[in-house]
Structure formats: C-alpha cells, structure tokens
Amino acid sequence: MNIPALETGVILIVDDNPNNLEVLSEALIDTGWEILVAVNGEGAIAQAEYACPDIILLDVMMPGIDGFTTCDRLKSNPLTCDIPIIFMTALSDTVDKVKGFSLGAVDYITKPFEQEEVLARVKTHLKIRNLTKQQQAQNQQLKQEVAERLAVEAKLQKLTQELEQRVEERTSQLSQALHNLHQAQVSLVQREKMSALGELVAGIAHEINNPVNFILGNLGHASEYTQSFIDLLRLYQKYYPQPEEEIANKIDEIDIDYLICDFPEIISSMHKGTKRMTQMIHALRHFSRRDDTVAQPTDIHEGIDSTLLILQYRLKANPERPEIQVIKEYGTLPLVECFPGPLNQVFMNLFANGIDAIEESFVNSNFSVPEYQGKITVRTDINEQSSGVIIQIADNGIGMTEEVKQRLSEPMFTTKPVGKGTGLGLSISRQIIEEKHSGTIRFQSELEKGTEFWIEIPVVIN
Ligand SMILES: Nc1ncnc2c1ncn2[C@@H]1O[C@H](COP(=O)(O)OP(=O)(O)O)[C@@H](O)[C@H]1O
Ligand SMILES: [Mg+2]
C-alpha cells in the first residue's frame with residue numbers, strides 16, 4: 001500500500017456559482033494540489049465515488065439536492081464516507097454551521113472567502129486526512145504482518161506436532177519391537193532350557209526309579225529275613241545257652257545284643273530313605289511333565305507339593321540361617337485344566353525368589369531382628385466372582401524398592417549377582433500365566449516386610 005505524502009492532495013470543490021469556483025481554484029492552485037470541480041450535488045457524488053478526493057469543499061445552497069443532502073449521501077456511502085467535508089456557508093449562518101457538523105462535516109469556511117483562511121483550513125484538514133491515511137496504511141501493514149506471523153506460527157506448530165507425533169509413533173514402534181524381541185528371547189531361552197533340563201530330569205528320574213523300586217521292594221524281604229535270622233538266633237540261645245568257646249568269643253566280639261537291636265532300625269531307616277527317594281522321583285517326574293500340547297485336568301496342590309519337595313534342600317536350615325517355614329493354606333479346589341509342567345515352573349520361580357528374598361534379609365544387617373524367622377505362605381482359593389483359581393505365594397523376605405517394582409516387567413532384570421540371577425524367572429512366569437493360561441499375575445511388595453505374588457487362572461482355559 002502506498003503511503004501518501006503529507007503535502008499532496010486532491011480537492012473537490014462543489015459550488016453552483018462559477019465565481020466562487022474561480023476564486024477558490026485560484027486560492028488553491030499554487031499549492032500543487034489537484035483541483036476537481038462539480039457544480040451540483042449529483043455531480044459531486046459521482047466525482048467523489050470516481051476520483052476519491054482527499055477533501056470536499058461543499059456549498060450549502062445549490063439547485064437540485066442541496067449541500068446537506070449531498071453530505072448525508074456521501075456519508076452513508078461506504079466509498080465516500082471517510083472523505084472529510086468542509087462546508088462553505090455565509091458568515092452569519094450559525095444554524096447551517098451547526099447542521100453541517102451534525103451531518104459529519106469536519107469544518108466550515110465562510111463566504112465571502114478569505115484566501116488565507118481557506119488555504120489554512122484546507123491545508124490543516126489535508127494534513128489530518130493524510131496522517132489518518134498513513135496511520136490506516138500502517139495499521140493495515142501491521143495487521144498483515146501479524147496475520148502472516150500467525151500463519152507462520154500455526155504452520156510451525158502444526159509441523160512440530162506432526163514431528164512429535166512421528167517421533168512418538170516411531171518410539172512406540174521401536175519399544176514394541178524391543179519388547180517383542182525380549183519376549184522372543186525369553187521364549188527361546190525358556191524352551192531351550194526347559195527342553196534340555198526337562199529331558200534330563202525326566203530321564204534321570206526314570207532311570208533311578210527302577211533301581212530304587214527294586215531296593216524298596218527287596219527291603220521288605222530283607223527286613224522279614226532279618227527277623228527270621230534273629231528269631232533263629234534267639235532259639236539257639238534258648239536251647240544252647242553254653243555255646244562252644246569260639247562261638248562265645250564271636251558273640252562277645254560282635255556285641256550280638258546291640259546288633260540284634262540295631263539291625264532292624266538300620267533296615268527301617270533304609271526303608272524310610274528309599275521311600276523319600278521314590279517320593280522325590282515322583283515329584284521330579286511330576287514337575288518335569290512334558291505335556292505342553294494339551295491342557296489337562298490337574299491337581300494344583302499336587303503341583304505345589306512336588307515343587308516344594310524338590311526345593312526342600314533350599315528350605316532346610318544351614319549355617320547361615322534356620323529352616324524356612326512353609327505354611328500351606330489350601331482351599332478346596334476342583335481339578336484345573338492347565339499345563340502342569342509350565343505351571344510348576346511358575347511355582348518353582350516364585351518359591352525360589354521367596355527363598356532368595358528371605359536369605360537376602362539375613363545378609364542385610366539392617367533387617368536382622370533376632371527373632372526373625374523366614375516364612376513362605378502359600379494360599380489357594382476360588383475367586384467367587386470370576387470362579388478362577390487363586391494361588392498366593394507370600395514371603396517375609398527383604399521386599400522390593402520402588403525402582404525394582406518399576407522394572408519388574410523388564411525381561412532380564414535382576415538384582416542378583418551374576419551366576420545367581422538371570423532375571424528370567426518372572427518374565428517366563430508371566431508368559432506362562434498370561435499367554436498359556438489366560439490368567440493374571442500381580443504382586444505387592446514392601447521393602448523389609450515382604451512380597452506377595454497373586455496368580456489367578458481360569459478353571460478351564462478359554
Ligand atoms: N519375592 C521377591 N522378593 C523380593 N524381590 C523379588 C522377589 N521376586 C522377584 N524379585 C525381584 O525381581 C527380580 C527379578 O526376578 P526374576 O525374574 O525371578 O529373576 P532372578 O530371580 O533371576 O533375579 C529379582 O532379581 C528381585 O530383585
Ligand atoms: Mg528368580
């Protein structure tokens with residue numbers, strides 16, 4: 001937009017009197033302004049619309065429409081309403097002057113014209129007019145700049161948003177990929193480990209089973225035969241109370257009374273030991289059941305018991321600590337359709353973590369209360385609402401810090417030293433419960449108080 005110079009201007013003079021027109025034109029001609037003339041109101045309106053003058057000098061008394069009507073029409077026309085109008089009126093006519101102002105005129109000049117006065121007034125109003133125009137132009141320019149800036153800002157904001165969204169999308173894709181990778185890794189490790197270990201355990205259990213049963217079976221006979229020999233010996237003693245010297249010496253030497261008393265006890269403890277071995281074998285075979293293709297009706301309690309039996313060596317007292325107490329609070333459960341092998345593995349992981357946490361609390365001097373006794377509680381129940389089976393495994397071990405809790409779902413996260421912890425136990429357990437059994441696994445933990453895991457699985461997998 002062009003900004004007008006203050007001294008330029010287009011002046012429209014409207015008067016029906018050629019004399020007046022001439023006088024005024026003369027007064028203004030030297031200024032360099034462009035002078036337009038009209039001899040009546042209609043002509044003035046047409047010229048004003050067409051040429052858009054900077055000031056209109058308007059006579060009041062004219063044939064046709066008079067100056068006031070002309071002024072009124074100019075003021076109500078959007079093309080001409082901003083043009084300042086100066087009325088030309090007789091010196092004495094106060095009414096006309098007032099009326100002119102009320103119609104929107106900016107000033108008046110009186111007839112007969114004083115050239116100096118006309119010039120001064122027109123000059124002043126032209127200056128005001130041009131200043132106003134300048135201001136308007138600047139305003140317009142500012143508005144445009146603001147609009148442009150706003151548009152650029154909006155564009156920038158949109159771009160930033162798009163960028164943020166893309167970064168977010170990409171980040172989530174990446175973290176999903178990472179998560180999948182971890183899961184796949186966990187699965188792989190689990191499968192590898194389980195198949196190798198499961199095979200080994202099942203093989204050993206099978207191989208040991210036969211000879212142990214053999215021993216167990218024969219121990220019955222052995223005990224029977226021993227008793228017969230002892231009875232026979234007693235009969236000899238009864239009927240031959242004075243044996244030959246060599247026999248008497250032998251009796252003394254081997255302390256026959258002690259032997260007779262101790263031997264059945266030896267047999268009985270061998271029997272007990274072998275019985276324990278068969279139980280352990282049963283537990284191992286149960287634990288490593290390689291049956292992950294079809295879910296089958298399972299006694300959950302038997303799975304828990306087998307697992308605890310296998311873990312007995314870790315629960316027993318040792319030089320660092322007394323025995324860890326296991327409290328079973330079993331509810332009445334139906335047979336649960338599940339994969340017993342993997343499920344036992346979950347129990348194993350949770351019990352092992354509980355034992356680790358209890359041992360940790362013995363190592364941690366802050367926590368060594370003299371009467372502290374490591375305790376693992378396993379509770380089972382039916383959830384009345386969902387009719388799922390609940391298995392709670394709680395320990396009074398060291399518990400978890402907030403950081404550990406936050407990171408618990410990360411595969412391979414462990415706080416245990418290399419060689420002891422793999423950080424896979426819980427990931428594997430979560431996978432087994434959530435993916436294989438459509439169940440849920442949650443936990444609650446308080447530092448230096450203990451931890452509780454809460455598993456729920458449906459009685460029948462959907
Ligand atoms: N019962 C628990 N008490 C305290 N911390 C636990 C318990 N169970 C798990 N954690 C924490 O979670 C981590 C991950 O457990 P897990 O996945 O079984 O791997 P790992 O036992 O090999 O470390 C452990 O290192 C431990 O910090
Ligand atoms: Mg573990």
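The values are calculated or read from the model by the stated rules, or taken from the named source; none is laboratory data. Bear in mind that the values here come from a model prediction, so they are computed numbers and not experimental data. A quick note on method: Cβ atoms are made from the backbone with ideal geometry, for glycine too, and the neighbour counts reach across all protein chains shown.
The number of residues in the stretch 362-404 that are away from ligand 2 (no atom under 16 Å from the Cβ) and part of a helix (DSSP H, G or I) comes to 7.
Residues checked against (1) within 16 Å of ligand 2 (Cβ to nearest atom); (2) in the same structural domain as residue 451 (by TED's automatic domain parsing); (3) surrounded by fewer than 20 Cβ atoms within 10 Å (Cβ to Cβ); (4) at pLDDT 90 or above:
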residue	(1), (2), (3), (4)
305	no, yes, yes, yes
320	no, yes, yes, no
337	no, yes, yes, yes
353	yes, yes, no, yes
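Taking the criterion of being more than 9 Å from ligand 1 (Cβ to nearest atom), modelled with pLDDT under 95, farther than 19 Å from residue 345 by Cα and charged (D, E, K, R), the residues of the stretch 411-453 that qualify are 448, 449.
Select, from 35, 65, 56, the only residue that is modelled with pLDDT of 95 or more and more than 60 Å from the chain's Cα centre (by Cα). None of the other options fit; the residue is 56. Scanning the stretch 402-445 for residues that are exposed (fewer than 15 other Cβ atoms within 10 Å of the Cβ), in contact (Cβ under 8 Å) with a residue 24 or more places away in the chain and among the hydroxyl-bearing types (Ser, Thr, Tyr) gives a single hit, 438. Checking each residue in the stretch 303-325 for being within 15 Å of ligand 1 (Cβ to nearest atom) and either under 14 Å from residue 284 (Cα atoms) or not hydrophobic (A, V, I, L, M, F, W, C) (or both) picks out 307, 311, 314. If you go through the stretch 76-114 and keep only what is in a helix (DSSP H, G or I) and either under 60 Å from the mean Cα position of the chain (by Cα) or over 14 Å from residue 57 (Cα atoms) (or both), you end up with 76, 94, 95, 96, 98, 99, 102. Screening the candidates 375, 405, 328 for the property of being of a type in the set (Lys, Arg) and within 21 Å of residue 282 (Cβ to Cβ) yields one hit, 328.
Of everything in the stretch 450-462 that is more than 26 Å from the chain's Cα centre (by Cα), surrounded by 14 or more Cβ atoms within 10 Å (Cβ to Cβ) and not aliphatic (A, V, I, L, M), the residue that is farthest from residue 360 (Cα to Cα) is 458.
Right, residue 391: more than 12 Å from ligand 1 (Cβ to nearest atom), modelled with pLDDT of 95 or more and crowded, with 18+ Cβ neighbours inside 10 Å or not? For residue 391, the condition - more than 12 Å from ligand 1 (Cβ to nearest atom), modelled with pLDDT of 95 or more and crowded, with 18+ Cβ neighbours inside 10 Å - is met. The single condition among (1) under 30 Å from residue 285 (Cβ atoms); (2) modelled with pLDDT under 90 that residue 117 does not satisfy is (1). Within the stretch 405-435, work out how many residues are away from ligand 2 (no atom under 11 Å from the Cβ), of a type in the set (Gly, Ala, Ser) and either touching a Ser or Thr at 6+ places or on another chain (Cβ under 7 Å) or under 25 Å from residue 331 (Cβ atoms) (or both). The qualifying residues number 0.
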